[in-house]
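Step one of this worksheet: look at the structure below.
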């Protein structure tokens, strides 16, 4: 992976990625001092998502000339809508920082309650952050050209 600095870039992201982005900053991969997060789950409230994105991007532009917006697609969140079709397969949660295993060990009842509320088993699946890092570098390179 190319050595690239994020020091001149502010990052605006969905709060769902707070753990991952803060982990990458703590390990030294992201050297930005400017991370801004919107509330997780706003895919269900497009107007609030737009309001928060505009607000965070405005704040980010006050800190850096370049802003990188980091968001997932339409399947990156849990749809808690009553009409959401439940299925027996379970939800696989990709975990790049080991959070879910720690949470399950520290708060097993809360985890089971959430799984029961969703009506499906939740299955942690450890992954590396290599692809995420690659995507961040690719977009940073475009910004820095």
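The values are calculated or read from the model by the stated rules, or taken from the named source; none is laboratory data. The structure displayed is predicted, hence computed values, not measured ones. All Cβ positions, even for glycine, are placed from backbone atoms using ideal geometry, and neighbour counts span all protein chains on display.
Note on region 6-25: among residues that are in contact (Cβ under 8 Å) with a residue 60 or more places away in the chain and out of contact with any helix residue (DSSP H, G or I) (no Cβ under 8 Å at 6 or more places or on another chain), the one that is farthest from residue 56 (Cα to Cα) is 23. Entry remark, region 79-97: residues being over 13 Å from the mean Cα position of the chain (by Cα) and either closer than 19 Å to residue 30 by Cα or modelled with pLDDT under 80 (or both) number 12 in total.
Looking only at region 21-46, which residues are in a helix (DSSP H, G or I) and at pLDDT below 95?
Across region 21-46, the qualifying residues are 42, 43, 44, 46.
Being exposed (fewer than 14 other Cβ atoms within 10 Å of the Cβ) and in contact with a helix residue (DSSP H, G or I) (Cβ under 8 Å, 6 or more places away or on another chain) is the filter; apply it to region 26-46 and report the residue that is nearest to residue 5 (Cα to Cα). Top of the filtered list is 31. Return the residues of region 47-58 that are free of Cβ contacts under 8 Å to residues at least 24 places away in the same chain, out of contact with any helix residue (DSSP H, G or I) (no Cβ under 8 Å at 6 or more places or on another chain) and within 25 Å of residue 8 (Cα to Cα); say none if nothing qualifies. Result: 50, 51, 54, 55, 58.
Screening region 95-120 for residues that are in contact (Cβ under 8 Å) with a residue 24 or more places away in the chain and surrounded by 13 or more Cβ atoms within 10 Å (Cβ to Cβ) and picking the one that is farthest from residue 11 (Cα to Cα) gives 120.
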